[in-house]
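Student: I'd like to ask some things about the structure below.
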Amino acid sequence: GRPATPTFAHPARSAIPPWFTRFWRGFDVITLDAAGRVAEDARALYEDLLASGYGPHPRVSAPLDSVAAVRAVAASGWRTFVRSPTLEEADLFHYTSWIGNGPVLETFSVSFDYARDVSSGEGLLFQDQAWLQVHVGVTSSTTLDRVTLFSGTTPLRVWHPGAATFRVQEPLLVARNHELWLQVTTVDGREAVSGRLLAEDTRFMMAMCSDN
């Protein structure tokens, strides 16, 4: 059959926390109801999982069981996006996913001495420390209010574009493991959330416990 990526549904109200389950990679950060309203918001849990090194791939889910539901969910603006060369290859690139209901994450990648344009959903290895160049590009139909680069739950950089387009190349020194991700907000309350970009010290990789 077709390749499948198990997705953790209703994580914020699940009786079994994600830390005690296995085999999932997709994670429903936003769950909509049939009227297109946000029924469950798991952004805080998503951040905690990133900070714990789990690397979930963000998803938006909704019950699309009627024409009315499809129309309502479409009108909400919330989408799951995958960076795939073609539609037919989308399932192979599920790990590149990001979610949003307005602003568009055109670029989120890093480069350093040994790699160029490592993107969200991917990762890089370094030893001791490394200088990265973080590449960010965002567009929006309305004014961008804030673009924040996080490591887990910790903000590392915050930009206030005050425009509909934002691009930057920012140096970043890493000296420990990081799960880097972006959050973008607009002045009218719309948002985009990226997947993670892993920067991992090889010393941790060689000594880590095998249960994660």
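The values are calculated or read from the model by the stated rules, or taken from the named source; none is laboratory data. All figures in this text were calculated on a predicted structure; none of them were measured in a lab. Using ideal geometry, Cβ is built from the backbone for each residue, glycine included, and neighbour counts are taken over all protein chains shown. Heavy atoms of the whole protein, side chains included, go into the accessibility calculation; ligands, DNA and RNA do not. Shrake-Rupley method; radii C 1.70, N 1.55, O 1.52, S 1.80 Å.
Student: Of the residues Leu32, Leu156, Leu198, which exhibits the maximal mean-square fluctuation in a Gaussian network model of the chain defined by a 10 Å Cα contact cut-off?
Tutor: Maximum among the listed residues: Leu156.
Student: Looking only at Phe23, Phe112, Phe126, which one moves most when the chain is put into a Gaussian network model with springs between Cα atoms under 10 Å?
Tutor: Phe23
Student: Starting from the Cα gyration tensor of segment 83-142, take the square roots of the eigenvalues, sort them a ≥ b ≥ c, and report rounded, prolate or oblate (rounded when a/c is under 1.5, otherwise prolate if a/b is larger than b/c, else oblate). Walk me through the numbers before you get to the answer.
Tutor: Values: a/c = 2.80, a/b = 1.45, b/c = 1.93.
It comes out oblate by the Cα gyration axes.
Student: Given a 1.4 angstrom probe, I'd like the percentage of the accessible area of the chain that is carbon and sulfur, rounded to a whole number.
Tutor: On the way: 5870 of 10890 Å².
Carbon with sulfur: 54 percent of the solvent-accessible area.
Student: Sticking with this structure for a sec: Over the chain, what is the relative contact order in whole percent, taking alpha-carbon pairs under 8 Å and six or more residues apart? Can you show the working numbers first?
Tutor: Details: 494 pairs, mean separation 38.9, N = 212.
Rounded, it is 18 percent for the chain.
Student: Cut-off 13 Å, label point 7 angstrom out along Cα-to-Cβ of Glu170: give me the residues of segment 105-130 whose amide nitrogen falls inside.
Tutor: Flagged as within label range: 108-110.
Student: Here's a follow-up. Taking the Cα centre of the chain as origin and charging only Cβ (+1 Lys, Arg; -1 Asp, Glu), how large is the dipole, in debye to the nearest 20? Kindly include the intermediate steps, with their values, before the conclusion.
Tutor: Working: 18 positive and 23 negative charges, 47 e Å.
Charge dipole of the chain: 220 debye, to the nearest 20.
Student: Suppose a student asked you for the relative contact order of segment 1-111, using Cα pairs under 8 Å spaced at least 6 residues apart; what percent would you report? Intermediate values should be presented prior to the final figure.
Tutor: On the way: 169 pairs, mean separation 24.6, N = 111.
After rounding, I find 22 percent.
Student: Let me ask you something else. With unit charges on the beta carbons (Lys and Arg positive, Asp and Glu negative) and the dipole taken about the Cα centre of the chain, which residue among Ala130, Gly26, Leu144 sits farthest to the positive side?
Tutor: It is Leu144, whose Cα lies furthest towards the positive end.
Student: Here's a follow-up. Compute, for Ser76, the solvent-accessible surface of its heavy atoms (probe 1.4 Å) with the complete set of protein chains present, and express it in square angstrom to the nearest 10.
Tutor: 20
Student: Right, something else. Taking 30 Å as R0, compute the FRET efficiency from the Cβ-Cβ separation of Thr148 and Val67 and round it to 0.05. Write out the running numbers ahead of the final one.
Tutor: Numbers: r = 37 Å, r/R0 = 1.25.
Efficiency computed from Cβ-Cβ geometry: 0.20.
Student: Which one, His94, Tyr114, Ala164, projects farthest toward the positive side of the charge dipole computed for segment 71-212 from Cβ point charges (K/R +1, D/E -1)?
Tutor: After comparing all options, I get Ala164.
Student: Heavy-atom accessible area per residue, the chain, 1.4 Å probe: how many Å²?
Tutor: Working: 10890 Å² over 212 residues.
Heavy-atom SASA per residue in the chain reads 51 Å².
Student: While we're here: Take the alpha-carbon centre of segment 93-107, take the same for segment 142-176, and report the distance between them in whole Å.
Tutor: 15
Student: Only one of the listed values, (1) 0.96; (2) 1.06; (3) 1.02, was derived from the coordinates as Rg/Rh (Cα atoms, Kirkwood Rh); which label is it?
Tutor: (1)
Student: What stretch of the chain, leaving out the sites themselves, is the longest with no trypsin sites (Lys or Arg not before Pro) in a DSSP loop having at most 15 other Cβ atoms within 10 Å? Spell out each step's value before the answer.
Tutor: On the way: sites that count: Arg22, Arg37, Arg176.
Of all site-free stretches, the longest is 38-175.
Student: Take Phe23 and Gln127, extend 7 Å from each Cα along the Cα→Cβ direction, and tell me the distance between the two endpoints in nm.
Tutor: 3.8
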